[in-house]
Amino acid sequence: MAHTSKVFPIVVQRCLLRFPRGLQRCPNVRQIHLDIEKASAATAAAVKPRIPHLEEERKDMPDKNTRPLYLDAQATTSLDPRVLDAMLPYFVTQYGNPHSRTHAYGWESEAAVEHARKQVAMVIGADPREVIFTSGATESNNIAVKGCARFYKSKKNHIITTQTEHKCVLDSCRALEMEGFRVTYLPVQKNGLIDLKVLENSMTEDTVLVSVMTVNNEIGVEQPVAEIGELCRSRKIFFHTDAAQAVGKIPINVNDMKIDLMSISGHKLYGPKGIGALYVRRRPRVRIEAPQSGGGQERGMRSGTVPTPLVVGLGSACEVAMQEMEYDHSRIKTLSDRLVNKIQAALPMVIRNGDPEKSYPGCVNLSFAFVEGESLLMALKDIALSSGSACTSASLEPSYVLRAVGADEDLAHSSIRFGIGRFTTEAEIDYTAEKCIEHVSRLREMSPLWEMAQEGIDIKTIQWSQH
Amino acid sequence: MASHRKIIQLYRNLLREGKKFKSYNYREYAVRRTRDAFKEHKNEQDPKKIASLLKSAEENLDIVRRQVLIGEMYGDGRLIIESTIKHAT
């Protein structure tokens, strides 16, 4: 009796000591939890979710519960929920035209646009006044290349670019050739990087602009931007870089890298589609002849109403990217290595295109010898992948980028690009690697060429009969 | 200085709410990012830094809550990997 009475008070004491604390905490948490639970239950029960049904347009829509994994981060990225959260008020209540000076709707939109301009400037180390909003990197590239070349046409008429640039830069250069400009399309080395000596030798007194992309969209190589910038500055040539695949993913500073013009895309850095930016240096000043006529928005360089919600999205995406850059990069590197190691450990004759060191790890381009890329893509229908850029994915032509790096025709045909992003998981990487190994082995088993290669016959020595 | 209890509560709420994302990728990210962020700053001593981290955590909790609701309304469908994982277990 005496024994229990001694123990009991201690237990009671402990309960009294601990319980109030527990009581204090639980109701709070529970209440919030219940409220949210109720709220989401209410939306789930009372509000029917909107799901687009477009089966009339296409019959091969993905099944609702077996959607493919997304591994095509170079084509586009999903919107970060933080970005959508920032955008929504400008779709719902704050719909003013940012150029309206006569009322509050305009002022609040203008404030939002200017705040976003600061966010974009911050991530590239620029002054906000040097950032102009466009519809995307394609438009930015067009304004930069055509606009700069045309403005200085009376003085200089030579442009240098590379063979591995994005189509919109190459086509802008082609358009300029039609106008009488001379364009040098620099070859790249086997690893996809340009040779600075070759670049320097191509520069003439007439060269007005050098345009080299920061990170390649197909093979992920990172060009030596700082060195190119230095070289251009010393020769008083403007330097434009298409950094659509680089901004927010690798550190970029327009002053350290001596960049004069830079293109940015919203939807490659977890922002919305239909928005981009162009960095235009103020000191030393780069002048541009605007290709588009209109109301003179964006310092006259890009007329047209600035789309506030999209601009807010781009700004927010830049801010999030700046916070997350280190974290994302180390994680993407881990996932990228995991994918490459798994595949290369299990499969022979898998060639990585582009320099393995000087490249952005989120873009892995592999060639599977003796496997036709398109058949592999068909077999891997559970995974959203591409053999190259989305722009050219409709054609069966091998990628011009891979041909430029000197990949053999057959290897250029057998390439697949794996795009790893902020939201990719280990499980997705493992699934992709497994499926890839399984289908490449299966397709090789069926290939007579693979059989011959196994027997030691060099495929290149075969004389094919002419038909 | 913010109480230890408040931090734990915020951490739990972020995890609990993050798990409600309908989208597999957002759900996994929310949980992973919360864990890694709290782990990263586990030994933070500077009260100013702690206060600013707490503020951003609170803002993120609100974002997660709103975006979970958006996902309920517009985000339908599961990834193939989710059904595969289900089958495996």
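Just so you know, all these numbers are worked out from the coordinates, no wet-lab data involved. Predicted model, so just to flag it, every value in this text is computed and none were measured. Heads up, the Cβs are rebuilt from the backbone with ideal geometry, glycines too, and the neighbour counts pull from every protein chain shown.
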Exercise. Taking neighbour counts of Cβ atoms within 10 Å as a proxy for exposure, in what order, fewest first, do A:I252, B:I7 appear?
Worked result: B:I7, A:I252
Problem set entry | For q = 0.18, 0.19 Å⁻¹, Debye-computed log10 I/I(0) when each Cα of region A:144-280 counts as one equal scatterer | -0.99, -1.11
Problem set entry | Estimated FRET transfer efficiency (A:E372, A:E230; beta-carbon r; R0 45 Å; 0.05) | 0.55
Exercise. Dividing the Cα radius of gyration by the Kirkwood radius, what Rg/Rh value follows for the protein assembly as shown?
Worked result: 1.04
Seminar exercise, completed: Here the relative contact order (percent) of region B:4-88, from C-alpha pairs under 8 Å and at least 6 apart, is 43 percent
Seminar exercise, completed: Residues whose modelled amide H sits under 5 Å from the amide H of A:A73, counting only those 5 or more places away in sequence or on another chain, are A:G419, A:I420
Exercise. Which aspartates and glutamates have a Cα lying under 16 Å from the Cα of A:K167, excluding residues fewer than 8 positions away in the same chain?
Worked result: A:E139, A:E177, A:E218, A:D242, A:E397
Problem set entry | Positive dipole terminus of chain B, leading residue within B:Y74, B:N25, B:L61 (C-beta point charges) | B:L61
For this session: Determine one quarter of the surface area of the Cα convex hull of chain B, which equals its mean projected area, and express it in nm² to one decimal.
Result: 6.6 nm²
For this session: Return the Rg/Rh value of region B:1-40, two decimal places, where both radii are evaluated on C-alpha atoms and Rh is the Kirkwood radius.
Result: 1.05
For this session: Just tell me how shielded A:377-383 is by partners: mean number of partner chain Cβ atoms within 10 Å of each residue's Cβ, no decimals.
Result: 1
For this session: Could you point to the residue in A:S303, A:P284, A:Y327 farthest towards the positive end of region A:267-353's charge dipole, with +1 and -1 charges on the Cβ of Lys/Arg and Asp/Glu respectively?
Result: A:P284
For this session: Going by C-beta contacts inside 10 Å, put A:S386, A:S441 in order with the fewest on the left.
Result: A:S441, A:S386
Exercise. Listed here are the pairs B:K19/B:K39; A:K64/A:K381; A:K197/A:K333; A:K249/A:K333; which of them are more than 20 Å apart at the Cα?
Worked result: A:K197/A:K333
Exercise. Which value in nm describes the separation of the simple spin-label points at B:L54 and A:K59, placed 7 Å from the Cα toward the beta carbon?
Worked result: 6.1 nm
For this session: For chain A, give the share of DSSP beta bridges that are antiparallel, in percent and rounded to the nearest 5; count only bridges with both residues there.
Result: 55 percent
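Mind checking the dipole of region A:40-156: about its Cα centre, +1 per Lys or Arg Cβ, -1 per Asp or Glu Cβ, Debye to the nearest 20? Please report the intermediate quantities before stating the final value.
On the way: 16 positive and 14 negative charges, 117 e Å.
For this selection, approximately 560 debye.
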For this session: Could you state the angle between the C-alpha long axis of helix B:24-40 and the longest principal axis of the C-alpha atoms of chain B, as a value from 0 to 90 degrees rounded to the nearest 10?
Result: 20 degrees
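Evaluate the relative contact order of region A:58-195 (contact order divided by residue number), counting alpha-carbon pairs under 8 angstrom at least 6 apart; express in whole percent.
In percent, rounded to a whole number, it is 12.
Rounded to the nearest 20 debye, what is the charge dipole size of chain A about its Cα centre when +1 sits on each Lys and Arg Cβ and -1 on each Asp and Glu Cβ? Each step should come with its number before you reach the end.
Details: 56 positive and 56 negative charges, 411 e Å.
That gives a dipole near 1980 debye.
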For this session: Based on a Kirkwood Rh over C-alpha pairs, give the Stokes-Einstein translational diffusion coefficient of region A:267-382 at 20 °C and viscosity 1.002 mPa s in µm²/s.
Result: 116 µm²/s
Exercise. Hey, what did chain A get for relative contact order, percent, Cα under 8 Å, at least 6 apart?
Worked result: 19 percent
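Using a 10 Å cut-off around each Cβ of peptide B:62-73, what is the average number of partner chain Cβ atoms that fall inside? Could the numbers behind the result be given before it?
Values: counts 1, 7, 3, 5, 4, 6, 5, 7, 5, 4, 8, 8.
Average neighbour count from other chains, rounded to a whole number: 5.
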Problem set entry | Low-density loop cleavage sites - trypsin sites (Lys or Arg not before Pro) in region A:281-354, where at most 14 other Cβ are within 10 Å (DSSP) | A:R282, A:R285, A:R287, A:R299
Exercise. 222 nm [θ] for chain A, helices only, -39500 (n - 2.57) per DSSP H run of 4+, per residue, to 500?
Worked result: -13500 deg cm²/dmol
Problem set entry | Shielding by other protein chains, A:145-158, mean Cβ within 10 Å | 0
Problem set entry | Ranked list, fewest to most other Cβ atoms within 10 Å of each Cβ, for A:R182, A:R150 | A:R182, A:R150
Exercise. Quick one: which of A:254-260, A:453-459 comes out on top by average Cβ neighbours within 10 Å, and what's the full order, highest first?
Worked result: A:254-260, A:453-459
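Just to verify a number: FRET efficiency for A:K118 and A:Q323, C-beta to C-beta distance, R0 = 22 Å, to 0.05?
0.90
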Seminar exercise, completed: Among beta bridges assigned by DSSP with both residues in region A:154-287, the antiparallel ones amount in percent, to the nearest 5, to 30 percent
Exercise. For region A:215-273 and region B:1-62, what is the separation of their C-alpha centers, rounded to whole Å?
Worked result: 33 Å
Exercise. How many nm is it between the label spots at A:T204 and A:E434, if each spot is 7 Å from the Cα in line with the beta carbon?
Worked result: 5.9 nm
Exercise. Cα centroid distance between region A:123-166 and region A:332-398, in Å?
Worked result: 30 Å
